[in-house]
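What follows is calculated from the coordinates using simple rules that are stated; it is not laboratory data. Keep in mind the model is a prediction, meaning the values are calculated, not measured. Virtual Cβ from ideal backbone geometry, glycine too; neighbours counted across all protein chains shown.
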Amino acid sequence: MSVVAADVAPAAPQPGARPVLRCADLRRSFGERVAVDGVGFEIAPGETYGLLGPNGAGKTTTISMICGLLRRDAGEVFVDGRPIDIGSTSAKGAIGYVPQDLAIYPDLSARENLRFFGRLQHLRGRDLERRVDGVLDVIALSDRAKDRVESFSGGMKRRLNIGIGLLHGPRLLVLDEPTVGVDPQSRNAILSSIADLESEGMAILYTTHYMEEAERLCDRIGIIDEGRIQAEGTRRELVELIGGRDRVTLVASGPLGQAAVEIRALDPRIDEVTAGDGAIEILVTEARSILPAILSTAASAGATIRTVEVVEPDLEAVFLHLTGKALRD
C-alpha cells in the first residue's frame, strides 16, 4: 500500500457485495435521556460512510455500540456477517477502531508501538514484522520508525494512531475525528491514506467536524441529530433534499413584505421568498444569473439592501436545513 499526495476521488463500492457493516434499530438511553433512537445503516466493501452530526447528536454512542464497547438497549450489529455485542471477542477482530483520543505510548518508538499493539492482536514473528513495515509505509512514517513518539508532531501521532487500527487487517475501519488538531499538510496525508485504503476494498466508518473532509472522502453520508438519522445518501442525493437550489439572503430595511411579493413574481426560477427579522430569504435556481434583477426589484419596491449573501447548495447547507445547527455546534 502507498500514500499519495494528490486528492483521490472516492472509489465506488463493490456492487452486489455483502455489507461489511449492517446495523439496524440501534437504541440506547442514559436514564431519561435517549441518546440513540432507532439508528441503522450499512457499509459495503470499498465504501466510506460518513456519520455527521453536531455535538451530542449520538455519534459516539452509535460508534461504541457498533464496536461492541457499549451495550445497546435494542437493535443489532453485524460486521463481516457476524453479530457484534459486548462479549463478541472474536468477531471484534474484524474491526479496526481509531478513537479520537490518542492511544499510543510516547516513550516508545513508532515501530515499538506497532509491535506492542500487534502482539495484542496475536500477531507474531515474520507476520508481525511484515505488517508493521506495511503500516509504516501506509502512514508515511517509515523514515521515523525508530524515533520516540514523544518527538512527533501532532499529525504524525494521529497517523500512528490510525496505523495501530490497521495492523490486524480489519474489514471495517472506524475513524472517530482522525484529523482533529493537525496541520493542513498532515491532514492531507491522512485523507490520502484513507482514500488508498478505501480503494483496496476496506469499509470505512468516518466521523468528522470538517464538512470538506466528508465531501472529499465519503461515498455516502448519514446526518444524525437528536439520536436519529435525519437523512442518508450520496452528496448529490442529499443536496437534492433542498432542491439543489441556491439560498440568497438580503439583509435589508423598508417594506420587505412588498419586496418579497415582487421578487417572487420576477422569474419562475425563484421558488420561495420569505420576509422577516430584517431580511429577505430567497430559494432560487442559478442565483448568480438572476441576482441583479432581484436587487433591482427589491430597490424598486422601496427596500434598502445592506448586505447580500449567496449560499450555493452543499453539504453544509443540507446540514443546516436538516438540523438547524452548524456541524461544530
Pick from 319, 30, 117 the residue whose mean-square fluctuation is largest in a GNM of the chain, springs joining Cα atoms under 10 Å. 30
Write down the Å³ per residue value for the convex hull defined by the alpha carbon atoms of region 140-206. 90
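For the chain, give the magnitude of the charge dipole about the Cα centre (Cβ charges: +1 Lys/Arg, -1 Asp/Glu; no others), in debye to the nearest 20. Mind showing how you got there, number by number?
Details: 38 positive and 48 negative charges, 247 e Å.
So the dipole magnitude of the chain works out to roughly 1180 debye.
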On a 0 to 90° scale, report how tilted helix 154-166 is relative to the longest principal axis of the chain, with both axes built from alpha carbons and the result rounded to the nearest 10. 60
Quick one: give the max-minus-min coordinate of the C-alpha atoms of region 55-123 along each principal axis, largest first, in Å. 42, 31, 16
Search the structure for amide H atoms under 5 Å from the amide H of residue 229, placed 1.01 Å from N in the peptide plane, and list their residues when 5 or more places away or on another chain. 40
Relative contact order in percent for region 245-312 (Cα pairs under 8 Å, 6+ apart) equals 49
Two decimals is fine: what's Rg over Rh for region 171-327, C-alpha atoms, Kirkwood radius as Rh? 1.10
Among 224, 270, rank each residue by its count of other Cβ atoms within 10 Å, from fewest to most, as a rough exposure measure. 270, 224
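Considering only DSSP states other than H, G, I, E and B, which GluC sites (Glu not before Pro) in region 260-321 qualify as loop sites with at most 14 other Cβ atoms within 10 Å?
Working: sites: 262, 272, 281, 286, 309, 316; in loops: 286.
Counting only loop positions with at most 14 other Cβ atoms within 10 Å, the GluC sites (Glu not before Pro) in region 260-321 are 286.
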Under 5 Å, built H, 5+ apart or other chain: amide partners of residue 109: 149
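Compute the Kirkwood hydrodynamic radius of region 88-143, taking the inverse of the mean of 1/r over all pairs of distinct Cα atoms, and give it in Å to one decimal.
This gives a value of 12.4 Å.
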How would 210, 49, 97 line up from fewest to most surrounding beta-carbon atoms within 10 angstrom? 210, 97, 49
Take the chain, connect every pair of alpha-carbon atoms lying under 10 Å apart with a spring to form a Gaussian network, then pick out the residue of 88, 186, 296 with the largest mean-square fluctuation. 296
Report the dimensions of region 70-207 along its three principal axes from the alpha-carbon atoms, largest first, rounded to Å. 44, 36, 28
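Relative contact order of the chain: what whole-number percent is it, with Cα pairs under 8 angstrom and at least 6 residues apart?
21
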Cα coordinate range in region 245-312, projected on the principal axes (Å, largest first): 26, 20, 18
Got a sec to turn the phi values of region 136-142 into Karplus ³J(HN,Hα) couplings, 6.51 cos²θ - 1.76 cosθ + 1.60 with θ = phi - 60°, whole Hz, x for Gly and Pro? 4, 5, 4, 8, 6, 10, 4
What ranking do 33, 220 get, fewest neighbouring Cβ atoms within 10 angstrom at the top? 33, 220
Work out the FRET efficiency for residue 183 and residue 145 from their Cβ-Cβ distance, taking R0 = 25 Å, and round it to the nearest 0.05. 0.75
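Subtract the Cα-Cα distance of residue 314 and residue 261 from 0.36 nm times their separation in residues, and report this length gain in nm to one decimal. Walk me through the intermediate numbers first.
Details: separation 53, 0.36 × 53 = 19.08 nm, distance 2.73 nm.
Additional length available on full extension: 16.4 nm.
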Could you run the Karplus curve 6.51 cos²θ - 1.76 cosθ + 1.60 with θ = phi - 60° over region 198-208 and give me ³J(HN,Hα) per residue in whole Hz, x for Gly and Pro? 4, 5, 8, x, 6, 8, 10, 9, 10, 10, 7
Name the most mobile residue of 184, 99, 170, meaning the one with the largest mean-square fluctuation, in a Gaussian network model of the chain with Cα contacts below 10 Å. 184
Can you give me the long-range amide H partners of residue 173? Hydrogens built in the peptide plane at 1.01 Å from N, cutoff under 5 Å, separation of 5 or more residues or another chain. 96, 203, 204, 205
So which GluC sites (Glu not before Pro) in region 160-247 pass both tests, a DSSP loop state and at most 16 other Cβ atoms within 10 Å of the Cβ? 200, 226
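For n ≥ 4 DSSP H runs only, could you compute -39500 (n - 2.57) per run for the chain, divide by its residues and tell me the 222 nm figure to the nearest 500?
Details: 10 runs with 106 residues, N = 329.
Rounded to the nearest 500, the figure is -9500 deg cm²/dmol.
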